[in-house]
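Peer 1: Structure incoming, see below.
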């Protein structure tokens, strides 16, 4: 049974939930695979005891976990009150492109989940999660669960939904690259389906799950870094790769409704 708050506790809880505009530096770290760590230095736009907003130069999929390091005001912390830096894990709840930015950037909103990630994240950093409830432990940080594969997100704004797939063919040039960015295999191909954040492509490339690709689409005048998330053979006997775009969204303007 969930505990009932007294009026004074409710007032304090509301104050801790309220986002405060604040300009503080922070480091954001995430993983595309077990062995692939990225990090970016950014600045907070707003923060509460249970979440924060900031910008990144890359999109991060809703439901992904990231690790934040920041000089959090001590009165807003849920632990490590005497440490100079606050280390907290967060689940991405929003990722919105900023259209009026001179450089590509995204507004990220996260909900704090605690000092350590779940064990399933260690094995699979690409796992997506969803918020379930506020914990009665850890001063009320958010509890998470594995995200369902096809959630009902009709109540969410379009930019906050997981990305819909469109059954359309788009011609692409796909390069498999090694850890130094050198091309080891290439082929022209076409998508079976595509979304803002990923695609299924027909392929004959001999790449493993977790491999990095460089995807070039002349139709949209862009190149995107991608990672292989799955591989399957269709009923027609043709192999497909399921890829996730990791440094840009695919520009589906005119296709989305």
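The values are calculated or read from the model by the stated rules, or taken from the named source; none is laboratory data. Every value quoted in this text rests on a predicted model; they were computed, and no experiment measured them. Every residue, glycine among them, receives a Cβ derived from its backbone with ideal geometry; neighbour counts consider all protein chains shown.
Peer 1: Consider the range 200-257. How many of its residues are part of a loop (DSSP other than H, G, I, E, B) and more than 21 Å from residue 38 (Cβ to Cβ)?
Peer 2: 20
Peer 1: Okay, moving on. For the range 68-110, give me each residue that is buried (at least 19 other Cβ atoms within 10 Å of the Cβ), part of a strand (DSSP E or B) and in contact (Cβ under 8 Å) with a residue 24 or more places away in the chain.
Peer 2: Hits for the range 68-110 are 68, 70, 88, 89, 90, 91, 92, 95, 106, 108, 109, 110.
Peer 1: A further question follows. Looking at (1) touching a strand residue (DSSP E or B) at 6+ places or on another chain (Cβ under 7 Å); (2) without any contact (Cβ under 8 Å) to a residue 40 or more places away in the chain; (3) surrounded by fewer than 16 Cβ atoms within 10 Å (Cβ to Cβ); (4) part of a loop (DSSP other than H, G, I, E, B), find the lone condition where residue 168 falls short.
Peer 2: Looking at each condition in turn, residue 168 falls short on (2).
Peer 1: Take the range 31-44 and flag every residue that is at pLDDT 95 or above and surrounded by 15 or more Cβ atoms within 10 Å (Cβ to Cβ).
Peer 2: Scanning the range 31-44 gives 40, 42, 44.
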